[in-house]
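> Just passing along the structure, written as structure tokens.
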Amino acid sequence: MERYLLELERLMDLFSRLINMTTLETLRYLGEYRLTAPQLRGLRFLKQHEDCLVGDLANGLAISYPAASKLINRLIDKGLTQRRDDEADRRNTRLRVTLKGVRVLETIEEKRRTEIAQIFVRLEEDEQRFLTQGLKRFLEAALSDEAIINKVCLHCGTEHFDDCLINKLNLTRASGEWERFWRNHERKFPWEKMFPED
């Protein structure tokens, strides 16, 4: 098991670097906006949570309120986000992505999706399925603690999808069927392919 862990650690490091590189290359593609990775995360959050407050953004990105305010100001300066008064409570300011911001996000997401797809199609269909299953299974094992789940949740908001892995894990835990969930997955997952005998 120890040698697998060492190899897995190296592979995860390479995988993380590849994803980060893809994101940075995408941001450079839109160099005129000079978007940073945190600003891109903020812009995505605002698109998924229309009319949210600065505090919502801070909580969603797990950053301080001053950092969220600074991020918002930078996005407003770039014309990607706008503020509006809360009609129900004039003390609050609501945030939303501008049409320009939506177009930027669509361009970034399409380019990143294309770059990842170019890699994915080099795999055979069985390899594509096994990679997807392996990543899902790894995340299921990693997300066994509620505190970890809350930290990594993408806070998809309006873009939430029904088969969200984190949502499934939360529902499973809440229904008290956690042990049965793991036993079922241990039977289904092809561990002999994950860790073949030499």
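> Checking Gly101 against (1) in the same structural domain as Leu57 (by TED's automatic domain parsing); (2) more than 28 Å from Glu25 (Cα to Cα); (3) of a type in the set (Gly, Ala, Ser), which single condition isn't satisfied?
All conditions pass for Gly101, except number (2).
> Select from the range 78-108 the residues that are under 14 Å from Gln48 (Cα atoms) and small (Gly, Ala, Ser) and list them in ascending order.
Once the filter is applied, which keeps residues that are under 14 Å from Gln48 (Cα atoms) and small (Gly, Ala, Ser), the range 78-108 yields only Gly101.
> Could you identify the single residue in Leu43, Leu35, Leu53, Leu30 that is in the same structural domain as Thr98 (by TED's automatic domain parsing), within 16 Å of the chain's Cα centre (by Cα) and under 27 Å from Arg83 (Cα atoms)?
That would be Leu43, the only listed residue that is in the same structural domain as Thr98 (by TED's automatic domain parsing), within 16 Å of the chain's Cα centre (by Cα) and under 27 Å from Arg83 (Cα atoms).
> Only one of (1) loosely packed, with under 14 Cβ neighbours inside 10 Å; (2) on the phi < 0 side of the Ramachandran plot; (3) not in a helix (DSSP H, G or I) is not met by Gln82, so which one is it?
Only one criterion in (1) loosely packed, with under 14 Cβ neighbours inside 10 Å; (2) on the phi < 0 side of the Ramachandran plot; (3) not in a helix (DSSP H, G or I) is unmet by Gln82, namely (1).
> Right, something else. For Ser144, work out the one condition from (1) within 21 Å of Leu43 (Cα to Cα); (2) over 17 Å from the mean Cα position of the chain (by Cα) it doesn't fulfil.
(1)
The values are calculated or read from the model by the stated rules, or taken from the named source; none is laboratory data. This one's a predicted model, so the numbers in the text were calculated from it and none came from an experiment. For neighbour counting, all protein chains shown are included, and Cβ atoms are generated from backbone atoms with ideal geometry for every residue, glycine included.
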